[in-house]
């Protein structure tokens with residue numbers, strides 16, 4: 001009977017790819033706040049209508065703040081601590097969801113989102129404001145959702161990522177024999193040393209001089 005081959009494992013995102021994707025998505029989220037989200041028309045103190053452009057950082061300042069947190073959480077995901085990933089995963093999920101909610105808030109209430117910027121530009125508080133939303137709040141939903149999805153990926157897959165064991169204590173590295181421990185040989189190469197020379201020096205250490213014992217036994221070759 002032919003033996004059935006095991007089913008291939010489904011590919012899962014690597015830690016490096018997740019960190020790069022999370023950092024890129026969070027950076028795009030932060031960059032989107034530099035664009036114009038709302039265009040407003042409001043009278044100034046003289047009664048003249050003024051055209052005011054409101055950027056995303058003014059219309060939804062929470063998006064910029066959350067994107068900075070997402071960048072830090074994405075970079076922290078690259079660390080080898082498995083428990084840290086169970087913290088950065090929910091942080092990425094929360095920052096992505098919060099940014100999406102803030103962007104949708106601008107779409108639903110553009111006048112409220114632009115009121116602070118309009119008051120600073122015209123010097124009039126509580127005046128009539130005509131607003132029009134650009135496409136950027138909706139475009140911002142894409143990186144926001146991407147950050148949230150990557151947070152879920154970190155929670156689901158992050159616990160199965162390998163934990164780095166490259167760095168060891170100096171005492172272990174000093175006492176390890178490069179000829180018997182491949183990891184010690186690799187560490188020696190990293191320090192710029194030749195493991196074969198280290199092994200030769202270890203094998204070729206001179207034996208202690210036994211002149212005193214030979215003289216006591218009466219060896220004629222030992223000077224008296």
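At a Förster distance of 25 Å, what's the computed FRET efficiency of residue 36 paired with residue 125, Cβ-Cβ distance as r, to 0.05? List each step's numbers first, then the result.
Details: r = 22 Å, r/R0 = 0.89.
Efficiency, from the Cβ-Cβ distance: 0.65.
Subtracting the Cα-Cα distance from 0.36 nm times the residue separation, let me have the gained length for residue 84 to residue 68 in nm, one decimal.
Roughly 4.0 nm would be gained on extension.
Highest mean first, how do 120-129, 90-99 rank when packing is the count of other Cβ atoms within 10 Å averaged over residues? Write out the running numbers ahead of the final one.
Working: 120-129: 13.7, 90-99: 22.4.
With the highest mean Cβ count within 10 Å placed first, the list reads 90-99, 120-129.
Which FRET efficiency, nearest 0.05, do residue 135 and residue 75 yield, Cβ-Cβ r, R0 30 Å?
Calculated value: 0.50.
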Expected unfolding gain across residue 17-residue 145 under the 0.36 nm per residue rule, minus the alpha-carbon gap, is 44.4 nm
So, with points 7 Å from each Cα along the Cβ direction, the residue 157-residue 45 label distance in nm works out to 5.8 nm
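Read-outs: derived from the displayed coordinates by stated rules, not from any lab. Quick caveat, the model's predicted, so the values are computed rather than measured. Neighbour counts are summed over all protein chains in view; Cβ atoms, including those assigned to glycine, are modelled from backbone coordinates with ideal geometry.
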